[in-house]
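Below: one structure, written as structure tokens.
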Amino acid sequence: MHHRCCTRSEIRSRSVTTVPWMRLTYDADADAAYIYLTDEALMPGRDSIPCDAPDGDTAMVVLDWKDGRIVGLEVLDASARLHLDLLAQAVRAVE
């Protein structure tokens, strides 16, 4: 069965839904953010796959996969790559 993908205008017209378990951490010293896409603990055994940046860009984003699902994203140079209002809401990473 084939599912139709939404158009950009359809996506824009939908109301915003918050996901209470999705969280973002930010380490200002490393300028790195991590976006958790699951509420499950991220145990060792994930596959981390770097993504190619668009031509002419040096962005570094790494997708973390576990059991065939994307469980998180790491964004390096986060202050230049993510909106500052998003980073302001992030939990500060602790060592």
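Readers should treat all values here as calculations from the given coordinates under stated rules, not as data from a laboratory. Just so you know, these numbers come straight off a predicted model, no measurement behind them. Heads up, the Cβs are rebuilt from the backbone with ideal geometry, glycines too, and the neighbour counts pull from every protein chain shown.
In the stretch 18-92 the Cα-Cα distances spread across 5 Å bins starting at 0 as 3, 15, 25, 24, 20, 10, 2, 0 percent of all pairs.
In nm, to one decimal, how far is the Leu84 label point from the Met60 one, both placed 7 Å along Cα→Cβ? It works out to 2.4 nm between the two label points. Label separation (Asp47 vs Asp27): 2.4 nm, computed from points 7 Å beyond Cα along the C-beta direction.
Look at the Cα gyration tensor of the stretch 40-81: its axes a ≥ b ≥ c give a/c of at least 1.5 with a/b over b/c, and that counts as prolate.
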